[in-house]
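S.K.: Quick one: structure below, then a few questions.
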Number of protein chains: 4
Amino acid sequence: MSEKITLGIIGAGRIAHVHAKSLFFHIPEAEVKMIADPFLSPQAEEWAAKFGIKNTSKDYKDIINDPEIDAVLVCSSTDTHAQITQEAALAGKHVFCEKPIDHDIAKIRKTLEVVKKAGVQLQIGFNRRFDHNFKALKDAVVSKKIGDLHMVKVTSRDPGPPPIEYVKVSGGMFMDMTIHDFDMVRFLTGSEVKTVFASAAVLVDPAIGKAGDVDTAVITMEMENGTIAVIDNSRKAVYGYDQRAEVFGSLGAVATGNDTTNTAVFSSGEGVIAEKPLFFFLERYEQAFADEMKSFIAALRNGEETPVTGMDGLRPVLIAAAAKKSLETGKKEPVESV
Amino acid sequence: MSEKITLGIIGAGRIAHVHAKSLFFHIPEAEVKMIADPFLSPQAEEWAAKFGIKNTSKDYKDIINDPEIDAVLVCSSTDTHAQITQEAALAGKHVFCEKPIDHDIAKIRKTLEVVKKAGVQLQIGFNRRFDHNFKALKDAVVSKKIGDLHMVKVTSRDPGPPPIEYVKVSGGMFMDMTIHDFDMVRFLTGSEVKTVFASAAVLVDPAIGKAGDVDTAVITMEMENGTIAVIDNSRKAVYGYDQRAEVFGSLGAVATGNDTTNTAVFSSGEGVIAEKPLFFFLERYEQAFADEMKSFIAALRNGEETPVTGMDGLRPVLIAAAAKKSLETGKKEPVESV
Amino acid sequence: MSEKITLGIIGAGRIAHVHAKSLFFHIPEAEVKMIADPFLSPQAEEWAAKFGIKNTSKDYKDIINDPEIDAVLVCSSTDTHAQITQEAALAGKHVFCEKPIDHDIAKIRKTLEVVKKAGVQLQIGFNRRFDHNFKALKDAVVSKKIGDLHMVKVTSRDPGPPPIEYVKVSGGMFMDMTIHDFDMVRFLTGSEVKTVFASAAVLVDPAIGKAGDVDTAVITMEMENGTIAVIDNSRKAVYGYDQRAEVFGSLGAVATGNDTTNTAVFSSGEGVIAEKPLFFFLERYEQAFADEMKSFIAALRNGEETPVTGMDGLRPVLIAAAAKKSLETGKKEPVESV
Amino acid sequence: MSEKITLGIIGAGRIAHVHAKSLFFHIPEAEVKMIADPFLSPQAEEWAAKFGIKNTSKDYKDIINDPEIDAVLVCSSTDTHAQITQEAALAGKHVFCEKPIDHDIAKIRKTLEVVKKAGVQLQIGFNRRFDHNFKALKDAVVSKKIGDLHMVKVTSRDPGPPPIEYVKVSGGMFMDMTIHDFDMVRFLTGSEVKTVFASAAVLVDPAIGKAGDVDTAVITMEMENGTIAVIDNSRKAVYGYDQRAEVFGSLGAVATGNDTTNTAVFSSGEGVIAEKPLFFFLERYEQAFADEMKSFIAALRNGEETPVTGMDGLRPVLIAAAAKKSLETGKKEPVESV
């Protein structure tokens, strides 16, 4: 399939906008034919037109049933991911599905099975793997620049918590936020999590605690290859989106910092002031979002496996579940095998 | 003129490629209809097609004479800039002309006159004004974040000298390389150069000296607003393209560093190693090139003056001429008035 | 006791040398009268003389029994700390004791009891509290510059493991090395450790594993004030002594880096290279060692409590014991109360 | 002369205090026997006693005439340097003289002649040569780490101007402040200044202009070895004492930053804020002051030439004079030969 890929986008929210924009400006090898959302806003109609999407619908089945559409981007709410992915796969369409596939492990397993039987490609939206900084860390591990890997550290803090209504249906911080970091640990170590231990607290907002969730956590993982990984999370860093990592090994360490809008440093009477991190994921991962989409389109065109498979979608959910259990037991918990 | 702008590109070298790419990927408000170059290479034909340019020609007059073309990008060799710009203007086309307009001051004056009479817009390719770092410096000056401006320092070093054959026809380092820095000093200070003093040497390659040029220089300028500016140049920094600046004033200083591909820092047995600067101008100013083109298209569509006018093209040439004279006299030299 | 303090130093190894030097060069308010070591080397005799110590002995009892000596620095091997501290206290002398007081908790308790009854002062050698960087972190917490504290992160890596013979008698990495970091967590949080969970591995040298110890660890602590702390340790960082920490709270984070011999940054064809961290604890904490000694002498002269008390010596040992237990149980373990 | 060196200090101001403190705390190989100042303050008497100086006098001749005194530190006001240095030399005493020896070139020449005839050692107080950062730059040049040297850049800015009364007698900014930077250029290049060009302005305080001086300057030097050096000065940087330099050569560049009290970086809602530079020369060069004194004492004890000779005292004054002349002529001016 080396000709142009025809796409449909299901869901017209923030992340759909990101992908539509990337596809329009950066990826001439693909074309979005239709976008569907039951609550398609005028704003969405506007940017859809601006990004060259000629057809809109309130019913995602119009995309599933369109024989010209090769692949579907599932950008709808999490609770619909599994169902739509399955329907699309059964209709013979390749799928790019935002993370997580579902909070329910059985549903994810079922989905992966359907996809497998359908023989279509599936890519999960772990965009951070395509970030220039994290790729530099991955390279340092793979190339053995740091020798044998001993430790991975991930710092992942949001500029602010989501609305409480969202917190309630999010599946919890581990499933909603840390899930990216669990993927990052797997990506950087090239290994699977054997056991996970979590400490967590409600320090940002008591309302989050009332909603049954946590907002601050440190999670330690023992990996199958013998290395140790640790993640620290906060739902609120006042200075912005803090996304750093470090890989440490027998020949040294590579650490990455945050990206900023520019390198300007202001020496003032108050101190020597550099820019804050880029505000949030849309800013920090703008290029990564484009690159994950490019890699999806390239995989389809070359008939190759996608760089982030369905299994990569399942495993972080299993880790999140084990982390949640660890919070209750106070023990390190094994991760369910796939 | 709020509809789509139709463009022709004259010259199909490296910088034409940059602009064609920016226009195709980032600027849907414009369309390149034709590219012309007497020595159009197969590679150029290839990228032209890839960037949606349907027509090619060996004769730039095909562009000048095409009534559908609104504006021309002059990306040919420097010695043709003035002539083509004049012809395009006389044909009623707006012009984006790469720097410098010419090495000959009289020719530049004549060109600006023709453009003025023709009533078309002219933008000169001082792309660095659109760089995120230099914009941060400009903002710090304009906003008075650093109080009253006292001093501007520009460091501008290339990763390696151009071929000697190019050096011979380049007009000299001041006209070819420092000219960007002269523009930067005008941009950052918001003032004009009153006098210029230059010290220079041949330290990189004796062949440059034999060709009658210099490769290393420090140039000091006294500005009309009373501030002092200083540029340091080298034709060869082994660590890459070094493009930094600092503005210093009564309330502090803002300095910018180089951009890098990522923020990774490798702590090794040999030291703590960060990335080198982005290799050269195509890498460092990729976004700036796109943004200057966006601003050109926006100026045309809005019928506004371009952000880098013909006068902005003349003045740095006058400064370069004065700097060259200073080298001979050992004195600070006044800059010819426009 | 505002006159000069007369000291005796027991043990003439590396750390005794550090203190003797600090006292001679920086602290005119104290004078070392005697140094005692059963295996006093010629080198030690030499530096003792150079640092103005007039008397040497092979028997530490000569110090204990000298009525002119006000205070004793216990710099002998760890297994003798408790015994000598008790003897000195019983003889009415104030004691500065290197960490840890002992590996045996009962012995430490007994020692503290003796010291208390004797009514003398005791300071434990947690020198890092006096480091300029860690003090800046402490200030940021105490001053509420970062708002309410949420998280503390400590990175502590040695440039290389100690000899295997030492590893065998060291009490294990937690007791020997992490003990400083446990103290740092208490210092920075201003709170006590409620539970501790440890993950550890043998990744640096299998011989360390054969000796029954670990060389790489991540340790998470839940503090009584609700904050979370995490330490990462390695016995070997090829780039040198890595001693960093971060405090994160509701109004921001403060992180410290390593100290270096100078600020020089070398931009080369290989990268942009800064200095490695200062080699090891003697270099990094040179000023901190002097300052802890100054604070000890000042406490004695002012009749005030020392800044690092016997209880500060006991608690990290209790944490280390709990961490060790956690390694076996795979659970977070409570810390024994004092 | 390998026994203890006996010193006298003439002048009891700020810099005398620095040296007395260094000698007392860091240099057991020397002893200050007497300090003399016609206006010896009670504060000075106090610190003199604290630093072990047993004798004070209002008449510096008491030092010159004391046969036990081996060497004299001339820390009095600049206008007395030459006279006292000559008297001390004639009395057979070695001399450490603060910079500058004098503003009058003939007087300096005469002084050097007297010193030479007397056969005593003379060291000039260019303390910055002993700074850890500048030494790293010097090493990078000498070791050819940066290959052949092409360019030296020195940034030297004070936190605030001296009182106008001082400005009037200071000999001008070049003689008073830039003189250190002229020395630094000679030190870093290992070459002599051939020509100097200066641009300067009054931007900090009009009163400085009324007093006939300037407060902001950029000075370019062509060196005998073909390299180019440039200094930028300001009498007032609100963020503190800015003391940086860069050496650039065929194999790269080494640049140094400012020292700070600690490495703490505060990520806040306002930005990412690092510490300001150490406040002023007493803080920044504390260790350098001690090290210059150590090197002076070591030179005396070893009977070797001092590391900063009388000729090193003369040359920067000649450069300053040429820079001043350049301001008037608008030309690069040759530096008078020694």
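The values are calculated or read from the model by the stated rules, or taken from the named source; none is laboratory data. Predicted model only: the values in this text are computed from it and were never measured. Neighbour counts run over all protein chains shown; Cβ positions are idealised from the backbone, glycine included. Keep in mind that these areas ignore ligands, DNA and RNA; they rest on the heavy atoms of the full protein, side chains included. Shrake-Rupley method; radii C 1.70, N 1.55, O 1.52, S 1.80 Å.
S.K.: Checking C:LYS168 against (1) within 21 Å of the chain's Cα centre (by Cα); (2) open to solvent by 10 Å² or more (accessible area, probe 1.4 Å); (3) assigned by TED's automatic domain parsing to the domain that holds C:TYR239; (4) under 27 Å from C:THR227 (Cα atoms), only one condition comes out false. Which one?
M.R.: Condition not satisfied by C:LYS168: (4).
S.K.: Could you grab me the full set of residues in the stretch B:275-287 that are open to solvent by 50 Å² or more (accessible area, probe 1.4 Å) and of a type in the set (A, V, I, L, M)?
M.R.: Selection gives B:LEU282 alone.
S.K.: Among the residues of the stretch C:118-130, is any open to solvent by less than 10 Å² (accessible area, probe 1.4 Å), free of Cβ contacts under 8 Å to residues at least 60 places away in the same chain and under 18 Å from the mean Cα position of the chain (by Cα)?
M.R.: The answer is no; no qualifying residue exists.
Residues are listed down the side, and each one gets a yes or a no for (1) touching a His at 6+ places or on another chain (Cβ under 9 Å); (2) in contact (Cβ under 8 Å) with a residue 60 or more places away in the chain; (3) aromatic (Phe, Trp, Tyr); (4) outside the structural domain of D:ILE35 (by TED's automatic domain parsing):
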site: D:ASN65; (1), (2), (3), (4): no, no, no, no
site: D:GLU68; (1), (2), (3), (4): no, yes, no, no
site: D:LEU73; (1), (2), (3), (4): yes, yes, no, no
site: D:GLN86; (1), (2), (3), (4): no, no, no, no
site: D:LEU90; (1), (2), (3), (4): no, no, no, no
site: D:GLU98; (1), (2), (3), (4): yes, yes, no, no
site: D:ILE105; (1), (2), (3), (4): no, yes, no, no
site: D:ARG109; (1), (2), (3), (4): no, yes, no, no
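S.K.: So, one more: Considering each residue of the stretch B:72-92, count those that are crowded, with 23+ Cβ neighbours inside 10 Å and over 18 Å from B:VAL169 (Cβ atoms), and give that number.
M.R.: Total satisfying the criteria: 5.
S.K.: While we're here: Looking at (1) surrounded by fewer than 23 Cβ atoms within 10 Å (Cβ to Cβ); (2) in a helix (DSSP H, G or I), can you tell me which one C:THR178 breaks?
M.R.: The number of the failed condition is (1).
S.K.: Still on this structure: State whether the residues of the stretch B:253-274 include one that is away from chain A (no Cβ under 13 Å) and surrounded by fewer than 24 Cβ atoms within 10 Å (Cβ to Cβ).
M.R.: Within the stretch B:253-274, not a single residue is away from chain A (no Cβ under 13 Å) and surrounded by fewer than 24 Cβ atoms within 10 Å (Cβ to Cβ).
S.K.: Is it true that some residue in the stretch D:188-199 is surrounded by fewer than 20 Cβ atoms within 10 Å (Cβ to Cβ), among the basic types (Lys, Arg), away from chain C (no Cβ under 14 Å) and touching a strand residue (DSSP E or B) at 6+ places or on another chain (Cβ under 7 Å)?
M.R.: Taking every residue of the stretch D:188-199 in turn, at least one turns out to be surrounded by fewer than 20 Cβ atoms within 10 Å (Cβ to Cβ), among the basic types (Lys, Arg), away from chain C (no Cβ under 14 Å) and touching a strand residue (DSSP E or B) at 6+ places or on another chain (Cβ under 7 Å).
S.K.: Can I ask one more? Could you please give the count of residues in the stretch B:7-27 that are part of a helix (DSSP H, G or I), more than 17 Å from the chain's Cα centre (by Cα) and not aliphatic (A, V, I, L, M)?
M.R.: The qualifying residues number 4.
S.K.: Here is a check on your reading of the model: is D:LYS153 more than 16 Å from D:SER234 (Cα to Cα), open to solvent by 10 Å² or more (accessible area, probe 1.4 Å) and touching a residue at least 12 places away in the same chain (Cβ under 8 Å)?
M.R.: Judged against the criteria, D:LYS153 is not a match.
S.K.: When only residues in the stretch C:1-37 that are in contact with a strand residue (DSSP E or B) (Cβ under 9 Å, 6 or more places away or on another chain) and open to solvent by 60 Å² or more (accessible area, probe 1.4 Å) count, which is nearest to the other protein chains (Cβ to nearest Cβ)?
M.R.: Among those residues, the one meeting the criterion is C:PHE24.
S.K.: Okay, moving on. Among the residues of the stretch A:224-238, write down those that are of a type outside the set (D, E, K, R), in contact (Cβ under 8 Å) with a residue 60 or more places away in the chain and surrounded by fewer than 23 Cβ atoms within 10 Å (Cβ to Cβ).
M.R.: Once the filter is applied, which keeps residues that are of a type outside the set (D, E, K, R), in contact (Cβ under 8 Å) with a residue 60 or more places away in the chain and surrounded by fewer than 23 Cβ atoms within 10 Å (Cβ to Cβ), the stretch A:224-238 yields A:ASN225, A:VAL238.
S.K.: Shifting gears a bit: Just one of (1) surrounded by fewer than 24 Cβ atoms within 10 Å (Cβ to Cβ); (2) within 14 Å of chain C (Cβ to nearest Cβ); (3) of a type in the set (Asp, Glu) trips up A:ASP215, so point out which.
M.R.: (1)
S.K.: Okay, next question. Does any residue of the stretch D:241-251 turn out to be of a type in the set (Phe, Trp, Tyr) and within 22 Å of the chain's Cα centre (by Cα)?
M.R.: Looking for residues that are of a type in the set (Phe, Trp, Tyr) and within 22 Å of the chain's Cα centre (by Cα), one finds at least one in the stretch D:241-251, hence yes.
S.K.: Do we have D:ASP102 as over 20 Å from the mean Cα position of the chain (by Cα), open to solvent by less than 50 Å² (accessible area, probe 1.4 Å) and not aliphatic (A, V, I, L, M) here?
M.R.: So D:ASP102 fails the test.
S.K.: Given the structure, is C:ALA290 more than 10 Å from every other protein chain (Cβ to nearest Cβ) and either modelled with pLDDT of 95 or more or surrounded by fewer than 24 Cβ atoms within 10 Å (Cβ to Cβ) (or both)?
M.R.: Against the criterion (more than 10 Å from every other protein chain (Cβ to nearest Cβ) and either modelled with pLDDT of 95 or more or surrounded by fewer than 24 Cβ atoms within 10 Å (Cβ to Cβ) (or both)), C:ALA290 qualifies.
S.K.: Taking A:VAL196 as the residue in question, decide whether it is touching an Asp or Glu at 6+ places or on another chain (Cβ under 7 Å) and among the hydrophobic types (A, V, I, L, M, F, W, C).
M.R.: yes
S.K.: Looking at the stretch C:113-132, which of its residues are out of contact with any helix residue (DSSP H, G or I) (no Cβ under 7 Å at 6 or more places or on another chain) and β-branched (Val, Ile, Thr)?
M.R.: Those that are out of contact with any helix residue (DSSP H, G or I) (no Cβ under 7 Å at 6 or more places or on another chain) and β-branched (Val, Ile, Thr): none in the stretch C:113-132.
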